[in-house]
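Below: the structure, in structure tokens.
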Amino acid sequence: MAHDMVANAVEKILDAVVDKTFVEDIPLPGESELARFLKVSRPTMREAVRNLSMGGVLNVVHGRGTFLLPRFRWRELPYLMYVAAHEGRVSEVEVDVLGVEEMLEVGAVRLAVQQRTEEHLAEMRRCLEEFDLAQKTENVQALVGLDHAFHDAIVDTTGNQFVASTLHPLRDALLGVRFRAFESPEARRRTSEQHHALLEAIEARDEQRAVSLMLEHMGTTRADILSAREREGSELDENL
């Protein structure tokens, strides 16, 4: 319950950022007033402020007050996604997130060509085989999971744990719209074809082709996600 109260207080502060109640360069209200504004106890308010400070949203300056930091200083993706979505910029933010994901995926596939082992290739093949089987039952949840598993197998070839830990929050932020994109049989078919082509390029150690295919694949993913968003409108993602 206490955790829910803190989470609700965090959301209220972010809502106040959205509606311009809290802006940069002007300190937030003092503790007592802020607690009343949030309709929580002072300890709960302090915990909410602490969470947002750790996420780079707020800066507590002793003797001066608590200040809202510029967006480029924010470190927690869920906070950025929440505010952007509530500002009506869902598609814009999704494209930005995909841009970061593309940079990481292209870098990973370069290393995959150089460093893949037979074990890596076997895992990629397994993901593709299971994806093709799941297509027959139109199990969207399984298909999204296997799509991610194939890309995880590519990332695993890098041997760099930070690549995966950076990618996963980006994927999670887009999970809802990815499900909607995969409701399209055409999107699933293209994904399967592009994954098979990527595997062939990685197996052949053809770096130029692998990079070109990954760029094409990420471009297709972007188009599929934007199409899904247009079909559903700009409602807030349930993950935000």
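Worth a mention:
- Distance from the stretch 1-43 to the stretch 124-186 (C-alpha centre basis), Å: 37 Å
- 3J(HN,Hα) along the stretch 136-150: 5, 9, 6, 7, 4, 4, 5, 5, 5, x, 6, 4, 5, 4, 5 Hz, from the Karplus curve 6.51 cos²θ - 1.76 cosθ + 1.60 with θ = phi - 60°, whole Hz, x for Gly and Pro.
- Label-to-label distance for Ala164 and Asp19 is 4.3 nm, based on points extended 7 Å past Cα in the beta-carbon direction.
- Residue among Ile225, Ile13, Ile154 with the largest mean-square fluctuation in a Gaussian network model of the chain, springs linking Cα atoms under 10 Å: Ile13
- Student exercise, the chain dipole from Lys, Arg, Asp, Glu Cβ charges, in Debye to nearest 20: 860 debye
- Span per principal axis, largest first, for the Cα atoms of the chain (Å): 64, 36, 30
- Chain lengthening between Val60 and Arg110 when straightened (0.36 nm per residue, less Cα-Cα): 13.8 nm
- When the Cα atoms of the stretch 106-240 are aligned to their principal axes, the ranges along those axes come out at 42, 32, 22 Å in descending order.
- Take every pair of alpha-carbon atoms less than 8 Å apart whose residues are at least six positions apart; their mean separation over the length of the chain yields a relative contact order of 20 percent.
- Fewest-first ranking of Arg180, Arg189, using other Cβ atoms within 10 Å as the exposure measure: Arg189, Arg180
- Positive contributions from Lys and Arg (+1) and negative ones from Asp and Glu (-1), summed over other residues with Cβ under 10 Å from the Cβ of His151, come out at -4.
- Within straight-line reach of Lys39, meaning a Cα separation under 26 Å, sit the following lysines at least 8 residues removed in sequence or on another chain: Lys12, Lys20.
- Cα gyration tensor, the stretch 2-75 - rounded (a/c under 1.5), prolate or oblate: rounded
- Between amide H atoms placed 1.01 Å from N, distances below 5 Å from Leu58 occur with Ser53, Leu69, all of them 5 or more places distant or on a separate chain.
- Alpha-carbon centroid distance for the pair the stretch 74-112 / the stretch 193-228, whole angstrom: 18 Å
- Convex hull (Cα only) mean projected area of the stretch 1-142, reported in nm² to one decimal: 13.0 nm²
- Extension gain, Ser41-Arg75: 0.36 nm per intervening residue step, less the Cα-Cα distance, totals 9.6 nm.
- Relative contact order, whole percent, for the stretch 2-75 stands at 33, derived from Cα pairs under 8 Å and 6 or more residues apart.
- Around the amide H of Thr66, modelled in the peptide plane, lie the amide H atoms of Leu28, Val61, all under 5 Å away and 5 or more residues distant in sequence or on another chain.
- Coupling constants for the stretch 164-181 follow from the phi torsions by the Karplus curve (6.51 cos²θ - 1.76 cosθ + 1.60, θ = phi - 60°), and in residue order they are 5, 5, 7, 5, 4, x, 5, 5, 4, 5, 10, 4, x, 6, 5, 4, 5, 4 Hz; glycine and proline get x.
- Contour excess over end-to-end distance, with Cα ends at Val100 and Gln208 and 0.36 nm allotted per residue: 36.8 nm
- Fewest-first sequence of Ser53, Ser32 by Cβ atoms within 10 Å of each Cβ: Ser32, Ser53
- Between Glu129 and Glu31, the FRET efficiency from the beta-carbon distance, with R0 = 45 Å, is close to 0.20.
- Thr137-Asn8 pseudo-label distance in nm [points 7 Å out on the Cα-to-Cβ vector]: 4.0 nm
- Residue-by-residue Karplus 3J(HN,Hα) for the stretch 115-132, coefficients 6.51, -1.76, 1.60, Hz, glycine and proline x: 10, 5, 10, 4, 5, 4, 4, 4, 5, 4, 4, 4, 4, 5, 4, 5, 4, 5
Read-outs: derived from the displayed coordinates by stated rules, not from any lab. As the structure is a prediction and not an experimental result, all values here were calculated from the model. Note that each Cβ is placed from the backbone with ideal geometry, even for glycine, and that neighbours are counted across all protein chains shown.
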